Amino acid sequence: MLQERRAREEATATLEERVAGVITRFSGTMRFVYVHIVVYGFWILANLGVVPGVPKFDPSFVILAMAASVEAIFLSTFILITQDRMSAAADKRAELDLQISLLAEHEVTKLAALLSAVADRLGVETDVDADVEELKEDVAPEAVLDEIEERRQ
């Protein structure tokens with residue numbers, strides 16, 4: 001079910017986001033490194049005069065530097081687009097995780113209250129009776145967040 005949702009989200013990605021993802025994935029491979037070794041290596045060797053029959057076309061390497069700079073600008077932009085998309089997906093998963101955790105905590109609180117009532121009705125006493133009252137209280141997420149923020153300061 002979650003895989004289907006992820007597939008639907010991938011299908012709704014814009015063309016630009018898909019292109020950025022493909023470029024980002026390719027730029028993170030060794031094939032990308034090998035292509036650059038070959039292209040830049042040939043460029044450097046040709047302009048050093050090491051490759052016979054190939055005239056020097058960029059002896060000062062200014063064009064190479066410009067091409068590498070432009071490539072870096074575009075690659076970093078594609079990577080940022082992909083990271084933004086991944087960050088949005090991570091935020092959704094974190095929100096889902098928080099909601100599930102809050103629901104589970106609420107259900108456990110209700111179960112603790114129910115078990116406490118059953119134990120009271122049956123006259124059962126335990127060593128944890130003092131802690132049960134605290135367990136029967138719902139946790140306020142806002143109060144927890146406020147406490148976390150106060151401790152950070």
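For segment 50-81 versus segment 111-144, the spacing of their alpha-carbon centroids is 68 Å.
In summary, the lysines within cross-link reach of Lys136, defined as a Cα separation below 26 angstrom excluding same-chain residues under 8 places away, comprise Lys110. Work out which chymotrypsin sites (Phe, Trp or Tyr not before Pro) in the chain are exposed loop sites (DSSP not H, G, I, E or B, at most 15 other Cβ within 10 Å) and give the longest gap free of them. Free of exposed loop sites, the longest segment is 62-153. Note on the chain: Cα-Cα pairs beyond 26 Å make up 62% of the total pair count.
Taking all protein chains into account, the per residue accessible area for segment 40-153 stands at 79 Å² (1.4 Å probe).
The dipole here belongs to the chain: it is taken about the Cα centre, uses +1 on the Cβ of Lys and Arg and -1 on the Cβ of Asp and Glu, and is about 1860 debye. Which residue, chosen from His36, Leu135, Ile100, occupies the Cα position most advanced towards the positive end of the dipole of the chain, where the dipole is computed from +1 (Lys, Arg) and -1 (Asp, Glu) charges on Cβ about the Cα centre? Checking the options against the dipole of the chain, the answer is His36.
From helices alone, the chain scores -27500 deg cm²/dmol at 222 nm; the rule is -39500 (n - 2.57) for each run of n ≥ 4 DSSP H residues, then divide by the residue total. Here r is the Cβ-Cβ distance between Arg31 and Lys56 and R0 is 25 Å; the resulting FRET efficiency, rounded to 0.05, is 0.30. Just the protein heavy atoms count here, and of the accessible area of the chain at 1.4 Å, carbon and sulfur take up 65 percent.
The values are calculated or read from the model by the stated rules, or taken from the named source; none is laboratory data. It should be emphasised that the depicted structure is a prediction, and the values quoted were computed from it without experimental measurement. Glycine gets a Cβ as well: all are built from the backbone with ideal geometry, and neighbour counts include every protein chain shown. Surface areas here come from the heavy atoms of the whole protein model, side chains and all, with no ligands, DNA or RNA. Shrake-Rupley method; radii C 1.70, N 1.55, O 1.52, S 1.80 Å.
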